Structure formats: C-alpha cells, structure tokens
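Remarks on the structure that follows.
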Amino acid sequence: MANLHIVRSSGFTHNKLRQCLQTLMAADQIILIDDGVYNASHPDMMPLLNTHKVYALQDHIQARGLTPVPSGIELCQYDDFVALTIGSDKVITWQ
C-alpha cells in the first residue's frame, strides 16, 4: 500500500509542499485540502501529475474560486478523503 500525504498549506507562502515532494515514494498519493488547494496551480506540482495520484477536496477548491482545476488533479468529496485515509499505510499531514 501507499502513503497518503495531506497538504494543507500553500506552496506559494510556505515550504511544506517542497518538503512533501522530497519525501514522496513511487506509490504515494497526495490530497490537497484547506489552503493546500492553491498548490493545484503551483509549478512544483505539475511534473507530479504524470507520476502520482493527486486529489483535491472539491469544496475547498470551490470555496477559493480555483476553477477550472488543472487536468491530472482529481476532485474528491469528504467520503473519498476518508476512503483514501483508510486505504493508506500511513497518513502524513503537511501544514
């Protein structure tokens, strides 16, 4: 199984995104929540979209007016977030 990385802060104002990306393993997944959804358009995120599964909470994207979302980022609901958490070996939060 893979690890789930929850990114809660924007890579435009904090270095947590960069730290997260440095620790990713091949099968790991990322979910963007809270201000972390701003990373959907961060330049460091774009190469990942070809190699890792990246999710973003739809409600958080919409609350910040960040539509449309770049292709490669899958929008999800809270129940999907719970399923990702349960299905992961470890859950790591970057805030």
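In plain terms, the C-alpha convex hull of region 1-55 casts an average shadow of 3.3 nm² when viewed from every direction. The residues packed around H14, meaning those with a beta-carbon under 10 Å from its beta-carbon, carry a net charge of +2 if Lys and Arg are +1 and Asp and Glu are -1.
From the residues I6, I86, Q58, which one has its Cα farthest along the dipole of region 1-88 in the positive direction, the dipole being from +1 and -1 charges on Cβ of Lys/Arg and Asp/Glu about the Cα centre? Most positive-ward Cα: I6.
Using the 10 angstrom Cβ neighbour count as an exposure proxy, how do T23, T93 rank, fewest first?
Taking fewest neighbouring Cβ atoms as first place, the list is T23, T93.
Taking a sphere under 14 Å around the Cβ of T51 and counting the other residues whose Cβ falls inside, with K and R at +1 and D and E at -1, yields a net charge of -1.
Summing +1 for each Lys or Arg and -1 for each Asp or Glu among the other residues whose beta-carbon sits under 15 angstrom from that of F81 gives -3. For region 1-48, the set of trypsin sites (Lys or Arg not before Pro) satisfying both a DSSP loop assignment and a count of at most 10 other C-beta atoms within 10 Å is empty. Counting every alpha-carbon pair across the chain, the share separated by more than 17 Å comes to 41%.
Only the coordinates and a few stated rules stand behind these numbers; no lab work does. Because the structure is a prediction, the values reported are computed rather than measured. Every residue, glycine as well, gets a Cβ built from its backbone with ideal geometry; the counts of neighbours run over all protein chains shown.
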